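Below you'll find the structure, written out as structure tokens, and then a few comments.
The values are calculated or read from the model by the stated rules, or taken from the named source; none is laboratory data. Keep in mind that this is a model prediction, so the values were computed, not measured. Cβ atoms come from the backbone with ideal geometry, glycine included; neighbour counts cover every protein chain shown. Keep in mind that these areas ignore ligands, DNA and RNA; they rest on the heavy atoms of the full protein, side chains included. Shrake-Rupley method; radii C 1.70, N 1.55, O 1.52, S 1.80 Å.
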Amino acid sequence: MKSLLLFFGPIFLPKAIAKYRSLRAAPSIHGIPIRPIPPNVSRALLILTITTLAFLLKTLPPFSPTNIFTLTSSRLQIPTDVLFTRLSALRPLGLTPIDETLRSKISSLESRLLYLQFGPDALTDCQFCNAEDPNSYLYYSLPSLLTSHLFNLCVLALVTSGLFTGKEGARWRTTATLTAGAVALMDIFFVSSYDYKTNARATRLEDIDFFFWKIRIWRGIGIAFIDGLLGWLLYLSSTNRAFLNPPSTTERIEASTKVLDAVRSKMSAMGILRNTINRDEELRARSQGYWVHEGRVMGELMQEREVVDGVRNALDGRINMATITTDAEAYAQSVIAPLQGTLEINGNI
């Protein structure tokens with residue numbers, strides 16, 4: 001792994017950084033503003049947060065099955081009677097029925113090795129398992145092993161459902177499902193391919209590989225990481241901060257059409273308003289009075305000395321009147337030319 005990382009790291013790391021930067025820059029490139037978190041995505045983020053914390057809490061020692069070897073500080077080859085005598089001394093009420101069942105199942109070294117791989121529940125609860133067929137413990141452990149993954153898969157299906165989170169969550173449905181399935185398959189592979197006999201050579205407690213407890217911690221961290229990563233992706237994509245899907249040509253045309261329709265509606269309303277004003281005698285008189293008053297005020301203002309000096313200074317060096325005149329003439333021609341063509345057609349008709 002180190003050799004592969006040293007070889008491929010310098011190649012793929014710059015590309016990954018460039019890809020991430022392009023995804024982060026997509027909103028500014030396409031002119032799409034950052035928005036607040038939608039309410040449906042907020043609910044999904046709350047569910048993912050609770051699920052992530054729950055799986056992390058399950059990895060803590062108070063929520064883990066008891067390991068009698070670490071609890072009694074005993075090595076793997078300790079006699080069974082001595083082991084459970086120590087355990088009984090630590091129990092306020094003595095050995096429990098589960099302890100007695102475990103005592104009858106853990107007498108041989110082979111069964112103790114399987115205990116380290118599959119945990120105490122597989123040895124005490126399984127009725128068809130035996131140390132001569134180690135795979136029987138694997139078959140019994142698969143349902144409990146997959147319970148966490150199936151529960152998390154249901155949570156991912158909920159938060160990426162189009163009915164629950166809309167298109168913001170539905171776009172991550174395939175990615176989340178494949179990732180959760182891959183983690184579950186990796187978990188099964190690690191448990192089934194573990195060589196439990198490596199612990200047979202451990203003579204001290206520190207040398208024992210407590211695989212069942214280690215893989216349980218990594219399982220919870222892995223599932224919590226998936227949920228946290230999905231929540232982060234949902235947050236970035238739903239607020240247009242990254243992973244932006246630019247609108248398609250059809251969507252852009254539709255948006256432009258809506259804007260044009262809104263402008264045309266406003267212009268039609270303005271035309272109706274002006275027509276109403278011109279047809280009504282009182283409103284027409286008020287409009288004419290306003291413009292007469294406006295012309296008189298502007299005329300008086302332009303006659304003031306300060307205004308005349310300011311206009312003269314602006315015309316002398318700051319403003320190019322020739323350019324302004326040319327632009328105004330071009331604008332007037334662009335407005336009047338279509339109207340002239342229409343008037344000529346109407347005249348010919």
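Any chance the range 241-251 includes a residue that's among the charged types (D, E, K, R) and within 26 Å of GLY162 (Cα to Cα)?
Narrowing the range 241-251 to residues among the charged types (D, E, K, R): 241, 251.
In the following step, the residues that additionally are within 26 Å of GLY162 (Cα to Cα) were identified as 241, 251.
Yes, because at least one residue in the range 241-251 is among the charged types (D, E, K, R) and within 26 Å of GLY162 (Cα to Cα).
Just the residues that are over 17 Å from LEU83 (Cβ atoms) and more than 28 Å from the chain's Cα centre (by Cα), please, taken from the range 208-219.
Selection gives ASP209, PHE211, PHE212, TRP213, LYS214.
Identify all residues within the range 182-199 that are surrounded by fewer than 17 Cβ atoms within 10 Å (Cβ to Cβ) and closer than 25 Å to GLN77 by Cα; write none if there are none.
SER192, SER193, ASP195, LYS197, THR198
Go through the range 146-193 and count every residue that is of a type outside the set (Val, Ile, Thr) and without any contact (Cβ under 8 Å) to a residue 60 or more places away in the chain.
The total comes to 25.
Does ARG35 meet the test of being modelled with pLDDT under 85, open to solvent by 40 Å² or more (accessible area, probe 1.4 Å), under 16 Å from TYR235 (Cβ atoms) and assigned to a loop (DSSP other than H, G, I, E, B)? Give the derivation first.
Numbers: modelled with pLDDT under 85: yes; open to solvent by 40 Å² or more (accessible area, probe 1.4 Å): yes; under 16 Å from TYR235 (Cβ atoms): yes; assigned to a loop (DSSP other than H, G, I, E, B): yes.
So ARG35 passes the test.
Taking THR52 as the residue in question, decide whether it is polar (S, T, N, Q) and either over 21 Å from the mean Cα position of the chain (by Cα) or outside any helix (DSSP H, G or I) (or both). Steps first, answer last, please.
On the way: polar (S, T, N, Q): yes; either over 21 Å from the mean Cα position of the chain (by Cα) or outside any helix (DSSP H, G or I) (or both): no.
In short, no.
Would you mention how many residues in the range 109-136 are of a type in the set (A, V, I, L, M, F, W, C), in a loop (DSSP other than H, G, I, E, B) and crowded, with 18+ Cβ neighbours inside 10 Å?
Going through the range 109-136 one residue at a time, the tally reaches 2.
Looking at the range 137-147 only, could you name the residues that are open to solvent by 20 Å² or more (accessible area, probe 1.4 Å) and either out of contact with any Cys (no Cβ under 6 Å at 6 or more places or on another chain) or β-branched (Val, Ile, Thr) (or both)?
Once the filter is applied, which keeps residues that are open to solvent by 20 Å² or more (accessible area, probe 1.4 Å) and either out of contact with any Cys (no Cβ under 6 Å at 6 or more places or on another chain) or β-branched (Val, Ile, Thr) (or both), the range 137-147 yields LEU138, TYR139, LEU142, PRO143, SER144, LEU146, THR147.
If THR179 satisfies all but one of (1) closer than 27 Å to ILE17 by Cβ; (2) of a type outside the set (A, V, I, L, M, F, W, C); (3) open to solvent by less than 50 Å² (accessible area, probe 1.4 Å), what's the number of the condition it fails?
(3)
Would a scan of the range 68-78 turn up a residue that is within 30 Å of ILE226 (Cβ to Cβ) and either in a helix (DSSP H, G or I) or at pLDDT below 90 (or both)?
Of the residues in the range 68-78, the ones within 30 Å of ILE226 (Cβ to Cβ) are 70.
Applying the additional criterion that residues be either in a helix (DSSP H, G or I) or at pLDDT below 90 (or both) yields 70.
Yes; the residues of the range 68-78 include at least one that is within 30 Å of ILE226 (Cβ to Cβ) and either in a helix (DSSP H, G or I) or at pLDDT below 90 (or both).
Being closer than 17 Å to ILE221 by Cβ and of a type in the set (Val, Ile, Thr) is the filter here, so list the residues in the range 189-204 that pass it.
VAL191
Somewhere in the range 215-222, is a residue crowded, with 17+ Cβ neighbours inside 10 Å and among the basic types (Lys, Arg)?
Yes, because at least one residue in the range 215-222 is crowded, with 17+ Cβ neighbours inside 10 Å and among the basic types (Lys, Arg).
Have a look at ALA269, ALA255, ALA337, ALA328 and point out the one that is modelled with pLDDT under 75, aliphatic (A, V, I, L, M) and open to solvent by less than 80 Å² (accessible area, probe 1.4 Å).
Of the residues listed, the single one that is modelled with pLDDT under 75, aliphatic (A, V, I, L, M) and open to solvent by less than 80 Å² (accessible area, probe 1.4 Å) is ALA337.
Mind telling me which of the residues LEU260, LEU233, LEU229, LEU244 ends up being modelled with pLDDT of 85 or more, surrounded by 12 or more Cβ atoms within 10 Å (Cβ to Cβ), farther than 30 Å from SER192 by Cβ and out of contact with any Lys or Arg (no Cβ under 7 Å at 6 or more places or on another chain)?
LEU233
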